[in-house]
Amino acid sequence: MSRFIYTTLSVIALLAIAGFFVSIGAAEAGAAAADAGTEGGGGGQKSLIARVFSSGPVAWVLLLVSVIGLSIAIHRLMSIKDDILLPPGLADDMHNIFGEGVNDDALDEAIGIVQNDDSMLGQVLFSALDKKDFGYEAMRESAETVGAAQHNLLMAQVNWLSLFAGLGPMLGLLGTVWGMIGAFFKMATAGGTPDPGLLADDIGGAMITTAMGLIIAIPMLTLFFILRARVNRCVLEAGVLTSEVLDYFRGQ
């Protein structure tokens, strides 16, 4: 199921990015046609989409990174949510069960509710309740351990966005440097005064990769901080809710 979700999101991301570039190319083609009609047609300039596709292999790598990063970002935004990590009403169910007293029947009922719950709060509560025979301290330590493990697991998923945010500018800089090297080699082999227009076209194409890297990095970094704050908030809230439930076992 998760492979199907990732495939679907990747296709959606690819179509979105392709549509973005096609729309830009169509707009520029229309503008170029309008200019050609009013100025008598000098149109030898490349459109932005043509420049992207002619900027070398680094540009294609950046497009691939953007597709993968966008699909991961969409998946994380849908899966790392308050109502998924902290199911509404779960803590209230625990209070309703233990509010009438802590006994074996209440404990069995509570464990039956949380043992098949895959949410972060459900896993933390189950780990604590499962250690009831070892006392309150063991329950609290188990909850803290599982809570830390859940936090690390979620951050491992979110950290991919930080990776792509760092890769974007670095790959963009690599493409720019590679393009500049090619432009300087053209100057060295020109055998005279090189055509400034040709060099400007080559250098401009090389700079596109830097722009692409920044276009990838800025939203990825923003989403990383948003999701990291969401994870930290949910982990803290899960700790508070679990501590309130464990108060029923204090002193036993």
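Residue check: Thr193 meets all listed conditions (1) exposed (fewer than 13 other Cβ atoms within 10 Å of the Cβ); (2) assigned to a helix (DSSP H, G or I) but one, namely (2).
Evaluate the stretch 139-152: report whether one residue or more is of a type in the set (A, V, I, L, M), within 22 Å of the chain's Cα centre (by Cα) and part of a helix (DSSP H, G or I). Before you say what the answer is, go through the steps one by one.
Residues of the stretch 139-152 of a type in the set (A, V, I, L, M): 139, 143, 146, 148-149.
Those left that are additionally within 22 Å of the chain's Cα centre (by Cα): 148-149.
Retained after the next criterion (residues that are part of a helix (DSSP H, G or I)): 148-149.
Yes, because at least one residue in the stretch 139-152 is of a type in the set (A, V, I, L, M), within 22 Å of the chain's Cα centre (by Cα) and part of a helix (DSSP H, G or I).
How about the stretch 118-161: which of its residues are hydroxyl-bearing (Ser, Thr, Tyr) and touching a residue at least 40 places away in the same chain (Cβ under 8 Å)? Residue satisfying the conditions is Tyr136 alone.
Close contacts from the stretch 80-106, counting a first residue that is touching a residue at least 40 places away in the same chain (Cβ under 8 Å) and a second that is outside any helix (DSSP H, G or I) and surrounded by 15 or more Cβ atoms within 10 Å (Cβ to Cβ), with Cβ to Cβ under 6 Å and a gap of 6+ residues or different chains, come to Leu85/Ser119. Determine, yes or no, whether Ile72 is surrounded by fewer than 20 Cβ atoms within 10 Å (Cβ to Cβ) and not in a loop (DSSP other than H, G, I, E, B). Here the answer is no, as Ile72 does not meet what is asked.
Having 2 or more residues that are in contact with a Phe, Trp or Tyr (Cβ under 8 Å, 6 or more places away or on another chain) and either assigned by TED's automatic domain parsing to the domain that holds Gln150 or at pLDDT 90 or above (or both) is the bar; report the helices (runs of 4 or more DSSP H) wholly within the stretch 80-138 that clear it.
Correct list: 104-114.
Just wondering, is there one or more residues in the stretch 80-95 that are of a type in the set (A, V, I, L, M) and loosely packed, with under 15 Cβ neighbours inside 10 Å? There is at least one residue in the stretch 80-95 that is of a type in the set (A, V, I, L, M) and loosely packed, with under 15 Cβ neighbours inside 10 Å. When each of Asp93, Asp83, Asp104, Asp130 is tested for being more than 30 Å from Gly168 (Cβ to Cβ), charged (D, E, K, R) and under 20 Å from the mean Cα position of the chain (by Cα), the lone residue that passes is Asp83.
Residues that are buried (at least 17 other Cβ atoms within 10 Å of the Cβ) and more than 17 Å from Val231 (Cα to Cα) within the stretch 144-168 comprise Phe164, Ala165, Leu167, Gly168, listed in sequence order.
Somewhere in the stretch 237-251, is a residue in contact (Cβ under 8 Å) with a residue 24 or more places away in the chain, closer than 30 Å to Gly122 by Cα and outside any helix (DSSP H, G or I)? Yes, the stretch 237-251 contains a residue that is in contact (Cβ under 8 Å) with a residue 24 or more places away in the chain, closer than 30 Å to Gly122 by Cα and outside any helix (DSSP H, G or I).
The values are calculated or read from the model by the stated rules, or taken from the named source; none is laboratory data. Note that the structure is predicted; figures quoted are calculated from it, not measured. Virtual Cβ from ideal backbone geometry, glycine too; neighbours counted across all protein chains shown.
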